[in-house]
Amino acid sequence: MVASSWLTTQTVPSGAIASVRGFLPTDVSASLRSFAASITVTVSLSELTLHTRWRPSSTTIVLAPFVPADGSWSAGMSSRDRLVPLRVIANAVSNTRAARPWCTRVRHDASGMPLGTMRTLQGNTAARAYTRIPLASVDPRTRLPPASPVATLPFPETPPLCRIMERHYTIAIIGGGATGVCLANKIVEALPVGLSTATVSLALIDARGCIGGAAYAPDVASNLMNTTCGAVDRAFGGEFGILDWARDNPAKWQPYVGEGQLDTTTYLPRPVVGSYLSDLVQHATHKAAERGMRLEVITDEVVDITPPDAADGNYVVRTKSGKVEVRYVYLALGHLDRAKTEAYQDHDRYYHQPYPITRLTREIPKESSVGVIGTRLSAIDVVLGLVGQGHTGKIHCVSRGGRLPAVRGDQGRYEFMHLERDELVKKLVHAKAKLRLVDVAAMLGTEIEHAAGRPVDLGAIMSEDLPPVEYYEREIALAKGKARPWQTVLYATNRNIDLLWHHLEEEDKQILASQWLNDWLTYRASIPRENAERILALLRSGQLTVRGGVTRFWFDAATGNFRASFDDGSRLDCQHLVAATGSASRIEDADSPLMRNLLSNGLVVPHRFGGVDCVFETGQVVSRPGVVAGEPRMFALGPLTSGVYFFTTALEIVERQAVQRTRDLAFLLGDEWLELPETDAWVDAKQSEAPATDSTPTMPPDRGPDLLAHAVRGEQAQLIDFEQLRLLNDQIDRDAFEAADATGSN
Ligand SMILES: Cc1cc2nc3c(=O)[nH]c(=O)nc-3n(C[C@H](O)[C@H](O)[C@H](O)COP(=O)(O)OP(=O)(O)OC[C@H]3O[C@@H](n4cnc5c(N)ncnc54)[C@H](O)[C@@H]3O)c2cc1C
């Protein structure tokens, strides 16, 4: 049986051939903008092979093959005036169901047969076939290599979706720290512009404005990054990289760094990164206008969000001074302060938050004794910030463990032998494998030995309990002028830590979270050597002490001092007390009106290991059952997702999350457009405008994709990845191809 129609739903018996004709809009390419063309997609169900016939009016158009990073599904290409392959990897249908329900929908008809929606291209793909897919016969052997879009074709006019969007924002990103800014910029730069995205409007909302969030806001120069500029520059700002920015804006970093060069090995003062993030927002705002989108920064605190009251309704985001309606909400709330729970925390010489350090240096008298709760990165910031501004009084850093962060050796990128993300996806995700902690330890051990190029005594890495001075002398010596293999491996886990954690047995997750988290943070989050040397000098001079075993704090009215007690029975007095213990990992403990309201209205639920619960594959926030009508359109990323992804506080990690959310958003917007009743009519109208005759000169039929190289002219050739096309073409099932051709189904 052969059926054909315009973007309609078809059900055909297994093994039959169905064809769906229509426009296949893809990403935008300015050079292809003027071409309107029609397409035939032939779906051979028994083979799960799609063929396309592309009949352009004047040129060859290549459809973009798209494979998500996890390689789980793929599509092919078309060439001119002949059938060419567009193959969907079989297990795409079954595998992506859980991962990306909107990419490939599988429903069941009355007889229980699955009905699948095949999406063939990234973003705004408009052609789809609802069709019977015998999932049992799916052949997962064929896998295409990852490919990026090779060429693009926009929708030529304003989409119907825009009409219903005009009065609202499409997207609200709540939180304008590093994560929210990165996401906004990725959406603006990377979202395929087409019919469904032409008037996307974004509201980036931050209570304090987009000035750098918790880590990068304006502050003292001694707040150094613990990653080098090169690590940030790699992909974070897209086309607006930090090194290019620095080259063009020396006045923005020289006051912090001096007149020297700023290169990939520089550990930047974090306020410089904040300044870059502010400019990145400006860049994204202008870029949005260029791409037909809108990005607005709103400085206001969001206090509540109301879920849609119907499946296609909007979220209402309430701020202190108003409200906006949006279809998609991204929570990038970052590091939420802990709520105060103790009486001493209300004292005016107590600082519940160390940042900005300039507040401490302004308000704390220079000769006063200061207690710092915490001995990790923020505590180091407090000590160096105070002393850098002339503090002469004693500073005591105290915590339960009393361990200072490790010292950073030379930073290099480590390429895993076995644990690169793509490899892990195959081993863990596709196999639905479970890991034990010993497996992870063994795998990392093997990688560390590989990085070192020799057998390593892993026990020796965990340095014995040395007193702080000896510990830092040893650490600094080990870090001087060389990379530390275990460190490069641990830092490289930015690329896979979420997968390792997700596949860990529940019991082992409990053990890791309760017994090893502190060790992980101590070793994973190290400090640059130059800051360690300053700390060592202060330890030696006696101005700084570092102690573990603290059990309690209180304010002693009799002496007018804060007091800390220790497990050996000793006590310590100080005049000022600064909490440098990090943010609230449990959202129930956060001092956030928004989080309180979201928890109480059930839009978010806490994750057992901290943060909000969300779907691992998509970041879709999990709500209490029945709270959201229809498919939830609220997502989370950044530190708020620490329970689901384990370690989320690195720019490289939040950048990856932003890329994934952007890619998913492209699908969501494309799907929305497909659901609109106007879509069919629009496509019909476009079809009637299509040229009646094909004036393209005929090309030899047997030259495969090389035909493209001959047919594509000028600049367009640069848009096409011919190597990819050849690889894709190798996958053609020529029998099915010819069979389809023989039926004349186009
Ligand atoms: C001290 C410190 C040092 C770090 N150093 C490094 C480093 O060297 N290298 C590295 O890779 N990573 C580093 N990180 C980790 C990383 O870059 C951060 O985790 C990053 O700050 C995450 O950004 P974010 O936007 O998710 O969170 P945040 O920076 O916390 O930003 C969240 C934003 O959301 C806003 N917000 C929250 N609630 C609301 C609301 N209800 N309404 C409106 N706005 C709201 C806040 O005002 C804030 O601006 C560091 C982190 C910290 C804390």
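Looking at 362, 349, which one is buried (at least 18 other Cβ atoms within 10 Å of the Cβ) and under 30 Å from residue 388 (Cβ atoms)?
On the way: 362 fails: buried (at least 18 other Cβ atoms within 10 Å of the Cβ).
Among 362, 349, only 349 is buried (at least 18 other Cβ atoms within 10 Å of the Cβ) and under 30 Å from residue 388 (Cβ atoms).
For a quick check of your reading of the model, give me the residue pairs whose first member lies in the range 449-477 and is within 30 Å of residue 537 (Cα to Cα) and among the hydrophobic types (A, V, I, L, M, F, W, C), whose second is part of a helix (DSSP H, G or I) and modelled with pLDDT of 95 or more, with beta-carbon atoms closer than 8 Å and at least 6 apart or on different chains.
469/536; 469/539; 469/540; 476/532; 476/533; 476/536
Considering every residue within the range 585-592, establish whether at least one is within 15 Å of the ligand (Cβ to nearest atom), modelled with pLDDT under 95 and within 38 Å of the chain's Cα centre (by Cα).
First, pick out the residues of the range 585-592 that are within 15 Å of the ligand (Cβ to nearest atom): 585, 587, 589-592.
Next, only the ones that are modelled with pLDDT under 95 stay: 585.
Filter once more, keeping what is within 38 Å of the chain's Cα centre (by Cα): 585.
Yes, because at least one residue in the range 585-592 is within 15 Å of the ligand (Cβ to nearest atom), modelled with pLDDT under 95 and within 38 Å of the chain's Cα centre (by Cα).
Would you mind stating whether residue 393 is open to solvent by 30 Å² or more (accessible area, probe 1.4 Å) and either within 16 Å of the ligand (Cβ to nearest atom) or not charged (D, E, K, R) (or both)?
On the way: open to solvent by 30 Å² or more (accessible area, probe 1.4 Å): no; either within 16 Å of the ligand (Cβ to nearest atom) or not charged (D, E, K, R) (or both): yes.
Spelling it out, it is not the case that residue 393 is open to solvent by 30 Å² or more (accessible area, probe 1.4 Å) and either within 16 Å of the ligand (Cβ to nearest atom) or not charged (D, E, K, R) (or both).
For the range 513-548, enumerate the residues that are at pLDDT 95 or above and open to solvent by 50 Å² or more (accessible area, probe 1.4 Å).
Hits for the range 513-548 are 533, 534, 537, 540, 541, 547.
Which residue out of 172, 251, 235 is surrounded by fewer than 18 Cβ atoms within 10 Å (Cβ to Cβ), small (Gly, Ala, Ser), within 17 Å of the chain's Cα centre (by Cα) and more than 9 Å from the ligand (Cβ to nearest atom)? Let's see the steps before the verdict.
Working: 172 fails: surrounded by fewer than 18 Cβ atoms within 10 Å (Cβ to Cβ); 251 fails: within 17 Å of the chain's Cα centre (by Cα).
That would be 235, the only listed residue that is surrounded by fewer than 18 Cβ atoms within 10 Å (Cβ to Cβ), small (Gly, Ala, Ser), within 17 Å of the chain's Cα centre (by Cα) and more than 9 Å from the ligand (Cβ to nearest atom).
List the pairs whose first member sits in the range 219-240 and is more than 30 Å from residue 387 (Cα to Cα), whose second member is more than 12 Å from the ligand (Cβ to nearest atom) and not in a helix (DSSP H, G or I), and whose Cβ atoms are under 8 Å apart, counting only residues at least 6 apart or on separate chains?
233/241; 233/264
Residues of the range 564-584 being more than 16 Å from the ligand (Cβ to nearest atom) and not acidic (Asp, Glu), which ones?
Step one: list which residues in the range 564-584 are more than 16 Å from the ligand (Cβ to nearest atom), which gives 564-577.
Selection gives 564, 565, 566, 569, 570, 571, 572, 574, 575, 576, 577.
Please work out if residue 383 is of a type outside the set (Asp, Glu), in a strand (DSSP E or B) and within 15 Å of the ligand (Cβ to nearest atom).
Considered against the rule, which asks whether it is of a type outside the set (Asp, Glu), in a strand (DSSP E or B) and within 15 Å of the ligand (Cβ to nearest atom), residue 383 comes out as no.
Condition test on residue 612, is it within 13 Å of the ligand (Cβ to nearest atom) and either over 37 Å from the mean Cα position of the chain (by Cα) or at pLDDT 95 or above (or both)? Before you say what the answer is, go through the steps one by one.
Numbers: within 13 Å of the ligand (Cβ to nearest atom): yes; either over 37 Å from the mean Cα position of the chain (by Cα) or at pLDDT 95 or above (or both): yes.
So residue 612 fits the description; yes.
Under 6 Å by Cβ, and 6 or more places apart or on different chains, what pairs join a residue from the range 170-186 that is over 11 Å from residue 214 (Cα atoms) and part of a helix (DSSP H, G or I) with one that is acidic (Asp, Glu) and open to solvent by 10 Å² or more (accessible area, probe 1.4 Å)?
Listed by first residue and then by second, the contacts come to 182/655.
Could you count how many residues in the range 567-580 are crowded, with 17+ Cβ neighbours inside 10 Å, in a strand (DSSP E or B) and over 41 Å from the mean Cα position of the chain (by Cα)? Outline the logic, then answer.
Taking the range 567-580 and keeping what is crowded, with 17+ Cβ neighbours inside 10 Å, we get 572, 574-580.
Restricting the remaining residues to those that are in a strand (DSSP E or B) gives 572, 574, 576-579.
Still in the running and over 41 Å from the mean Cα position of the chain (by Cα): 572, 574.
Residues flagged as crowded, with 17+ Cβ neighbours inside 10 Å, in a strand (DSSP E or B) and over 41 Å from the mean Cα position of the chain (by Cα) within the range 567-580 amount to 2.
Considering only the range 214-231, I want to know if a residue exists there that is within 14 Å of the ligand (Cβ to nearest atom) and within 24 Å of residue 317 (Cα to Cα).
Yes - at least one qualifying residue is present in the range 214-231.
Here are some conditions: (1) within 15 Å of the ligand (Cβ to nearest atom); (2) part of a loop (DSSP other than H, G, I, E, B); (3) open to solvent by 40 Å² or more (accessible area, probe 1.4 Å). Residue 600 meets all but one. Which one does it not meet?
With respect to (1) within 15 Å of the ligand (Cβ to nearest atom); (2) part of a loop (DSSP other than H, G, I, E, B); (3) open to solvent by 40 Å² or more (accessible area, probe 1.4 Å), residue 600 is out only on (2).
Looking at the range 354-372 only, could you name the residues that are of a type in the set (Val, Ile, Thr) and out of contact with any Cys (no Cβ under 8 Å at 6 or more places or on another chain)? It would help to see each step written out before you state the result.
Start the filter on the range 354-372 by keeping residues that are of a type in the set (Val, Ile, Thr), which leaves 357-358, 361, 364, 370, 372.
Scanning the range 354-372 gives 357, 358, 361, 364.
Those residues that are closer than 24 Å to residue 500 by Cβ, among the small types (Gly, Ala, Ser) and open to solvent by less than 10 Å² (accessible area, probe 1.4 Å), I need them from the range 615-672; list them, please.
Within the range 615-672, 619, 636, 638, 643, 658 qualify.
Please pick out the residue among 325, 342, 301 that is within 16 Å of the ligand (Cβ to nearest atom) and open to solvent by 30 Å² or more (accessible area, probe 1.4 Å).
On the way: 325 fails: within 16 Å of the ligand (Cβ to nearest atom); 342 fails: within 16 Å of the ligand (Cβ to nearest atom).
Exactly one of 325, 342, 301 is within 16 Å of the ligand (Cβ to nearest atom) and open to solvent by 30 Å² or more (accessible area, probe 1.4 Å), namely 301.
The values are calculated or read from the model by the stated rules, or taken from the named source; none is laboratory data. Being a predicted model, the structure only gives us computed values, none of them experimental. Neighbour counts run over all protein chains shown; Cβ positions are idealised from the backbone, glycine included. Heads up: the accessible areas ignore ligands, DNA and RNA and are worked out on the full protein's heavy atoms, side chains in. Shrake-Rupley method; radii C 1.70, N 1.55, O 1.52, S 1.80 Å.
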